[in-house]
Amino acid sequence: MSPIFDHFSWVAPFYDRFFAVDPGPLRDLLKLPGAGWVLDLGGGTGRVAQALRGDSDEIVVLDESVGMLRQARRKGLPVVCGEAEHLPFVGGAFARILVVDAFHHLRDQQRAACELLRVLAPGGRLVMEEPNVERIPVWLIAFGEKLALMRSHFRSPRAVQRMFEAVGGRVRLEREGARFWAVVEAEDERPLA
């Protein structure tokens, strides 16, 4: 179900001008280059996927915002319009998954965590980069997003770790300044539902 007002479609044409990406940490944490498909969940305009293009067999951008996906498609990226809580992929489809600055926008984060691990291949790796709400500047941004009715729900690094461990992931946290990464590894042997 799409939001009542799609803030992201409105800002899509300008988004890349204001939000730069340093693919270095993500490339290292994802262990790229590598074989297999990569899912960029909440990938919006494809700014991260474009920077990582060529580091895997293919990278797919999934987002709810049609306006954001329009920008990603213009970059020649494969796009899928969908929700993180109901991923339209078979189990184990992706060797790697990245979620950059998007998890806090999801309606049902617990359900999304289950879905992410479902589509992650055995032995695969998911890397999530999020603003660290334990830092005051991020807390202020979180408050601003609430005022803008963006349905944002920021979680602490430890809360994200517990969420993914509860659904069977092995989680390692890394922090730097006002952001953190949760590196989630799938069990090597598990049923693909």
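Of all residue pairs spaced 6 or more apart or on separate chains, those with beta-carbon atoms under 7 Å, a first member in segment 63-85 that is without any contact (Cβ under 8 Å) to a residue 40 or more places away in the chain and farther than 17 Å from Val38 by Cα and a second member that is among the basic types (Lys, Arg) and not in a loop (DSSP other than H, G, I, E, B) are Glu85/Arg111.
The residues of segment 90-102 that are under 24 Å from Arg47 (Cα atoms) and modelled with pLDDT of 95 or more, listed by number, are Ala93, Phe94, Ala95, Arg96, Ile97, Leu98, Val99.
The set of residues in segment 50-96 that are of a type outside the set (Gly, Ala, Ser) and assigned to a helix (DSSP H, G or I) comprises Gln50, Leu52, Val66, Met68, Leu69, Arg70, Gln71, Arg73, Arg74. For segment 23-51, the tally of residues that are on the phi < 0 side of the Ramachandran plot and without any contact (Cβ under 8 Å) to a residue 40 or more places away in the chain stands at 10. Restricting Leu116, Leu87 to those that are surrounded by fewer than 24 Cβ atoms within 10 Å (Cβ to Cβ), closer than 12 Å to Leu41 by Cα, under 13 Å from the mean Cα position of the chain (by Cα) and of a type in the set (A, V, I, L, M) reduces the list to Leu87. For segment 27-49, enumerate the residues that are surrounded by fewer than 20 Cβ atoms within 10 Å (Cβ to Cβ) and not in a loop (DSSP other than H, G, I, E, B). Scanning segment 27-49 gives Arg27, Asp28, Trp37.
The values are calculated or read from the model by the stated rules, or taken from the named source; none is laboratory data. Note that the structure is a prediction, hence the values are computed from the model and not measured. Here Cβ is always computed from backbone atoms with ideal geometry, including for glycine, and neighbour counts include all displayed protein chains.
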